[in-house]
Structure formats: C-alpha cells, structure tokens
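A.B. asks: Quick one: this structure, given as structure tokens, is what I'll be asking you about.
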Amino acid sequence: MLGERLPALRPAPIVALTATATPEVQDDIVAELRLTTPSRHIHGFRRTNLGVEVVERLPSERAELVRTLLAPAERRPAIVYAPTRKEAESIAKALGGGVRAGARSGGVRAGAYHAGLGTAARDQVQSAFLGGALDVVVATTAFGMGIDKADVRTVIHSALPATVEGYYQEIGRAGRDGAPARAILLHSFVDTKTHEFFLERDYPDEELLSRIARVLGDEPSEPDAVRRRSGVDEASFEKALEKLWVHGGAIVDADGHVRRGASDFRAAYARQRAHKQAQLATMRGLRRSPLVPHDGARRPLRRSARQRRAVRPVRRVRPLGVRGRGVPRAEPRRDRRRPARARSAGHARRPDRGPAPP
C-alpha cells in the first residue's frame, strides 16, 4: 500500500530504515516499496559488551528465577519480556511492582507494560522507567520502540520469542552505554505451542480468506454485513479480512467499507504465512544451537581481552546447584589460568644459594 503512494513523492530520494531484517525481508521491503536498484547499507547486530545466555526452565519456575536474577542492584535497570499480558502482570507482581509504577518489594521497583493498559498507564510506566523511578519493566513486545535508556544492564525473556529478528532487537536495548550487559533467555518446549497458537490465530488458513473474498461485491459493503454473508465468526473474520486487505484481495475505503479486490492474493498470502512458519521453525532451532547471523552481515566479531573476561560467549549455561537446575552466572568470568608448574628438584634454582649442585 505504501508503494502505491511513493511515486507522488518523486523525484525526492526515498530511504527505508529498519532495526532488523533478514536478507529475505530486505528483498521484500524493496519489492513492496517498488524501489529500483536501491543501495543497501547494513550494520551488524553483534555487540562485544553483550553476553547472551540460555536456560531451560519450566514456565512455573521462571518468575522465581527472574526474582533471583534481578535481586542484586548491579543487574538493574532491567527489562523482562513476557509472552502474554497475564504473565507480564504476574512477573511484575512477583518482583513487587504490579501494574502501578513505583511499587516496590525487597528493593526492586517494578511495573508491567502491555497493550491492555490505558495510554495514561503505559505512559506512566515508561516515564518512570526512563527517569529512574522504576528498576524493572515487565512487558510484552508492545514495549521498547523508541526506548533509548543507555544503562539497561539486563534483558530477560521469560519465554521463547516469536522470531530471531525480534529477539535481536529486544536484547539490543541492553548495554547501550558500552558497559557489560546480559541477555538471558528462559525457554522450554511448551513455548513453541504458544507461538503455534498465535500463528494459527493471526494467519488463518487460506481457505478462510477465500471464503470471505467470494462474498465480496463490486459495491462497498459494511464489514459486519460481509461477515454475516460469509458465516465466519467475529474474531476469525477480523484477522482474515485484515490479511485479505493487506494482500490485495479486498479494498477498504476511508469509511471502512469493503469491496472486492484482486483475485490473485492467494500466492502472496501463502508466501507470507510460510515465512512466519519458517521463523517459528528457526526459533525452535535456536533452543538447540548458538545464535547465528541473520541480518546479512558477515563481519567477524572481535573482543578485547577485557571484554572476553567480562562477557560470556553464547552457550548453554551449566548447572550451579540451585534446586538442581541451571541458573546463569551473574559475575564476570574469572581468570582460570593455572599457576606455573613447579620445576623438578634437580632443576630448581634458589636465589639465596646460587646454582644447584650437579
């Protein structure tokens, strides 16, 4: 839709900016905006001061682990990303905050942030966090766009994120001041079931879109009238009509009325749905393998000796004995160099007696 309006701005130059994009998404941006031979400028996401850690935990154990991780003051300010609104509020309450900004327990001031809150409540939590009145924000993915707080020390995901691109963007909000920071991902197999549910809800089967498209006419109609003719339930209809509109199968005018669009929407929608399924498959693989470049950048990662000691490499964290389960270390890596091996008695030199006898 945006590509249809850009020609009106010509011959002015056009720049398209995004935080994260795979090579496939970059190609899609070029195609959707109808850009011809554009220049691409890509900067890698890798940061030498950011340590990434992965811990497998059951959902019922994660709130307590988040409390343990964020108890020391040096691990805050922090952002905790939760998969649902309910879990965001639950973790914020466990930390001592709840929804209201400024509540505290045990020295941790925490607040929940999600799209279910009113605008005033969200603005209050965001302003309190940026101003230092809150130590921790527990949020869904609704939080973070435009947030530029340099001293965030920890970003925790309390469940497997939906996409690698979104994960990179969210952990990138830690350590923007250049000091060591941590990103901790808590996961288990059950997380993929949650994302599968959202995928089926947000990207309905192609046949559902076709069912709505068949009852559209050349004259604009009220959406509710179209829904009744199609026989689709209200929740499913809203998502399906949105996807039908995005892919050209329906035209929605300024008054919200709907009429028939192009008939060739199926291939484009099938590609997008397959792309979302591939993203979910990639996140499943992330549970078992290290992070790999997804933005097209291939520059090697270089760290100084000090940074290598302060920041852990990407790996699965070994158990530390807390209830027999793995917990990520908070402290910088210690110097584990062994002391120099003592020389044999026949070759030892004593400075007070000179050379050893033969």
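The values are calculated or read from the model by the stated rules, or taken from the named source; none is laboratory data. Note that the coordinates shown come from a computational prediction; the quantities given were computed from them, not determined experimentally. All Cβ positions, glycine included, derive from the backbone under ideal geometry; neighbour counts span all protein chains shown. Please note that ligands, DNA and RNA were not included when accessible areas were found on the heavy atoms of the full protein model with its side chains. Shrake-Rupley method; radii C 1.70, N 1.55, O 1.52, S 1.80 Å.
A.B. asks: Quick check: Cα centre of the range 226-245 to Cα centre of the range 28-87, how many Å?
C.D. replies: What the calculation gives is 33 Å, centre to centre.
A.B. asks: Shifting gears a bit: Please give the contour-minus-distance gain from Phe189 to Ser263: 0.36 nm per residue of separation, less the Cα-Cα distance, rounded to one decimal in nm.
C.D. replies: Details: separation 74, 0.36 × 74 = 26.64 nm, distance 3.93 nm.
Full-extension gain reported as 22.7 nm.
A.B. asks: Let me ask another. Taking 0.36 nm per residue of sequence separation and subtracting the Cα-Cα distance, how much length would be gained by fully extending the chain between Arg214 and Thr119, in nm to one decimal? Display every interim value, and only then the final one.
C.D. replies: Working: separation 95, 0.36 × 95 = 34.20 nm, distance 3.86 nm.
Difference between extended and current length: 30.3 nm.
A.B. asks: Please give the contour-minus-distance gain from Glu200 to Lys276: 0.36 nm per residue of separation, less the Cα-Cα distance, rounded to one decimal in nm.
C.D. replies: On the way: separation 76, 0.36 × 76 = 27.36 nm, distance 1.04 nm.
Going from the current span to full extension adds 26.3 nm.
A.B. asks: Compute the Rg/Rh shape ratio of the range 1-63: radius of gyration over Kirkwood radius, all on alpha-carbon atoms. Intermediate results must be reported in sequence, preceding the final value.
C.D. replies: On the way: Rg = 18.9 Å, Rh = 15.4 Å.
On the Cα set of the range 1-63, Rg over Rh gives 1.22.
A.B. asks: Give the calculated FRET efficiency between Arg5 and Glu61 to the nearest 0.05, with a Förster radius of 45 Å applied to their Cβ-Cβ distance. Please report the intermediate quantities before stating the final value.
C.D. replies: Numbers: r = 50 Å, r/R0 = 1.10.
Given R0 = 45 Å and the Cβ-Cβ separation, E is 0.35.
A.B. asks: Could you check the simple spin-label distance between Ala16 and Ala73, using points 7 Å along Cα→Cβ, in nm with one decimal?
C.D. replies: Label at Ala16, label at Ala73, 4.8 nm between them.
A.B. asks: Just to be sure I understand: if I project the alpha-carbon convex hull of the range 146-231 onto a plane and average over all orientations, what area do I get in nm²?
C.D. replies: Orientation-averaged projected area of the Cα hull: 9.1 nm².
A.B. asks: Over all directions, the average projected area of the alpha-carbon convex hull for the range 227-279 comes to how many nm²? Please list the in-between numbers first.
C.D. replies: On the way: hull surface 17.3 nm².
So the mean shadow area of the Cα hull is 4.3 nm².
A.B. asks: If you don't mind, another one. Sort Lys193, Lys149, Lys276 from largest to smallest accessible area, using a 1.4 Å probe on the heavy atoms of the protein chains. Walk me through the numbers before you get to the answer.
C.D. replies: Working: Lys193 105, Lys149 25, Lys276 65 Å².
So, going from the largest accessible area down, we get Lys193, Lys276, Lys149.
A.B. asks: What FRET efficiency comes out for the pair Asp253/Ala179, r = Cβ-Cβ distance, R0 = 51 Å, nearest 0.05?
C.D. replies: Working: r = 52 Å, r/R0 = 1.02.
Working from the Cβ atoms, E equals 0.45.
A.B. asks: If I take R0 = 41 Å and measure r between the Cβ atoms of Lys86 and Thr37 in this structure, what FRET efficiency does the formula 1/(1 + (r/R0)^6) give, to the nearest 0.05? Write out the running numbers ahead of the final one.
C.D. replies: On the way: r = 48 Å, r/R0 = 1.17.
Using R0 = 41 Å, I get an efficiency of 0.30.
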